[in-house]
Structures are given as C-alpha cells and as structure tokens.
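The values are calculated or read from the model by the stated rules, or taken from the named source; none is laboratory data. Just so we're clear, the structure is a prediction, and the values are computed from it rather than from any experiment. Cβ atoms come from the backbone with ideal geometry, glycine included; neighbour counts cover every protein chain shown. We work out accessible area using only protein heavy atoms, side chains counted, and drop any ligands, DNA or RNA first. Shrake-Rupley method; radii C 1.70, N 1.55, O 1.52, S 1.80 Å.
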Amino acid sequence: MSGTSRKPAPPLVTGSVLTSSMAARDEPAPGCLHAIARDYADGSVVGEHCHVDGQLIHATAGVMQIQAAHRLWLVPPQRALWIPPRLTHALRARGGVSLRTLYIAPACAQQLLGDVPRGFAVPTLVRELILRMLDPCAASDGERHGRLTAVLVDELADLDPDGISLPMPTDPRLARVCACILARPGEEHRIDELARHSGASVRTLGRLALHELGCPLSTWRQQARVLSAVPMLVAGESVTGAARSLGYETAGAFAAMFRRLVGMSPHEYRTVCK
C-alpha cells in the first residue's frame, strides 16, 4: 500500500510496519483504474498515510483492520472498503492477507464511489476483473486494459454498500478505554477499572461515550465484540469457539447479537466470506 505518505503516526496496533521505500513502489500508474497486489503477514501494520488516488481496499484472503475518519472497519474477503482520495487511513493484517486493491484516479473517484469511506460487498465479477487487471498480459495490452476498465467502472457504480464498522473516539481518555476493549474483547472490563485506566471518572466516560460514540460504552463494547468475531469466523473458528473466546455464556447469545448487528447469522457470514 502506498501513495503520498505523510509523516508516520503511531500505528493502529503494534506489529511490523512497512517502510516508506516499500510503499513508494505501489504508486499508482496514470489512468482511471489501476490494480495492485501485495501480501501481508499476520500482524503487519501500515501506519497512517494517504493516497492521491482513491483506493478500493480489497483482499482475496485474510481480514484487514482499517481505521479512517474516526471509524474502525474489519474487511474480510468478499468485502471491500472505499477510501476517498487523500483520506488518511491505517491498516493491520488480521491473519495472512492477500491484498488485491484498486486505485481510482480523483477525476472519477467521487462519481463512482463517493467522497466518504464506505464498505461494500464485492461480487464475484468485480473480484475477477480486479484479478484480471493484475495479469501481466492484460496490464501490458492497452486496448485490453481499457476494455477491462470500462467494465469495472460500470460494475463499481452498482456496488451495494456493506460492512461493519465502529465509531472511534478522539478524546484520549476514551480512546485508551476503547483500545483496551479492542485488545481484549473477551474480558469483562469493569467500568470502574476502565475509568482508572483512562484517567477519567465513570461519569465522564459515560458522557464522552454518548457524545463521541453515539451510544453507551456498554453498547459499543457489544459491537466491538461482534467486530472481533469476524477474523475468527473467517479463519475457520467454530461459532461456539468464537462465542467462548469473546466471553459469551452460550453460542446462541453470541449468534443473536451477531445477527442483530450484522443482519445474518455467524454461519451465514462465514459462508459468504469464503
């Protein structure tokens, strides 16, 4: 991943960070659409950066944890996240990731996918078109590349919005609490202990959560637990195993919460992400 890199900010999470020299090799070529392939080991991190072009972040394997515009997304296979041009974002690989991403020039980026980050379901045709653009024969054939681009433009305009995301706070006290919950989503996290860790009172944390997250902290924690289940399910973890890891007493209670937030059962979600 790359583009016009800013001065590196603290990474989203700890892990191996790609250097700016590695990122420079991914600078998109001129044109409306350009595909890039890169593989990341589990735990690899791309710190905060931005691109001149927009980026449809998609992978054929692994789950990407992406932070942008004060929100956190988990993007499994068959899903993608749209990052508009020049929007700062950061990425962590959850499991080995096979990134097959698409850069879109600013001239057509907003018209195709808008000017705010959004998740999308990726149909098989779009995935195969991206992979075809990465084929050396197609990339070196200007006419063929142009035909692929034309079809992709049509298909991208019809993508269905999709994706699970969490609001992320800007207040450093609440940010410490949210980071603690995300790091250990299966733990109980008593509110008084979180307050001591954050340096804020319980009442202040409650007020900050309503203001910055739009919901009580307990509700955000439930959403974070569901979000944390995504890489487990994609990696093949059983629903019972994921429920147990995340602190649910029964698989049924976990499945009910997952369906409420995602719109499908954990079994269904794992199937569509294969």
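Compute the length gained on full extension between Asp39 and Thr271: take 0.36 nm times their separation in residues and subtract their Cα-Cα distance, giving the result in nm to one decimal. Don't skip to the answer; put the middle values down first.
Working: separation 232, 0.36 × 232 = 83.52 nm, distance 2.31 nm.
Stretched fully, the Asp39-Thr271 segment lengthens by 81.2 nm.
Please list the non-local residues whose amide H lies under 5 Å from the amide H of Asp39, H modeled 1.01 Å from N, same-chain partners needing a gap of 5 or more.
Leu99
May I have the extent of the alpha carbons of segment 76-148 along their three principal axes, as whole Å values ordered from largest to smallest?
33, 32, 20
When the helix-only estimate is applied to the chain (DSSP H runs of n ≥ 4, each -39,500 (n - 2.57), divided by the residue count), what is the mean residue ellipticity at 222 nm, nearest 500 deg cm²/dmol?
Values: 12 runs with 114 residues, N = 274.
Taking each H run of at least 4 residues, the total per residue is -12000 deg cm²/dmol.
Residues with beta-carbon under 10 Å from that of Gly96, excluding Gly96: net charge, scoring Lys, Arg +1 and Asp, Glu -1? Provide the component values of the computation, followed by the final result.
Values: positive: Arg94; negative: Asp39, Asp42.
With Lys, Arg at +1 and Asp, Glu at -1, the net is -1.
Would you mind checking the radius of gyration and Dmax of the chain based on alpha-carbon positions, in Å?
Gyration radius and largest Cα-Cα distance of the chain: 19.3, 63 Å.
Once phi is turned into ³J(HN,Hα) by the Karplus curve 6.51 cos²θ - 1.76 cosθ + 1.60 with θ = phi - 60°, what whole-Hz value does each residue of segment 81-89 show in order, with x for glycine and proline?
Once θ is set to phi - 60°, the couplings for segment 81-89 become 10, 8, 10, x, x, 6, 8, 5, 8 Hz.
Please give the length that would be gained between Met264 and Asp135 if that part of the chain were fully extended, namely 0.36 nm times their separation in residues minus their C-alpha to C-alpha distance (nm, one decimal). Walk me through the intermediate numbers first.
Details: separation 129, 0.36 × 129 = 46.44 nm, distance 3.48 nm.
Here the answer is 43.0 nm.
Carbon and sulfur: what percent of the chain's accessible surface (1.4 Å probe)?
Working: 6640 of 12800 Å².
Ligands and nucleic acids excluded, carbon and sulfur reach 52 percent.
Can you order the peptides 207-216, 187-196 by their average number of other Cβ atoms within 10 Å per residue, highest first? Write out the running numbers ahead of the final one.
On the way: 207-216: 15.3, 187-196: 13.7.
Ranking, from highest mean packing down: 207-216, 187-196.
Can you compute the radius of gyration and Dmax for segment 155-228, using only the Cα atoms, both in Å?
Cα radius of gyration and Dmax of segment 155-228 are 14.2, 50 Å respectively.
Taking amide H positions as placed in the peptide plane 1.01 Å from N, state which residues far from Asp162 in sequence (5 or more) or on other chains have amide H under 5 Å from it.
Under 5 Å from the amide H of Asp162 lie the amide H atoms of Gly119, Phe120, Ala121, each far enough along the sequence or on another chain.
If you find the alpha carbon centre of segment 152-166 and of segment 174-189, how far apart are they in angstrom?
Spelled out, the Cα-based centre of one part sits 30 Å from the other.
Calculate, for segment 182-274, the solvent-accessible area per residue in square angstrom, rolling a 1.4 angstrom probe over the heavy atoms of the protein chains.
Numbers: 4940 Å² over 93 residues.
Roughly 53 Å² per residue, with all protein chains present.
Scan around Gln78 for amide H atoms under 5 Å from its own, H built in the peptide plane at 1.01 Å from N, and keep only partners 5 or more places away or cross-chain.
Long-range HN contacts for Gln78: Ala59.
Report, largest value first, the span of the C-alpha coordinates of segment 111-250 along each principal axis, in whole Å.
That works out to 63, 35, 23 Å along the principal axes.
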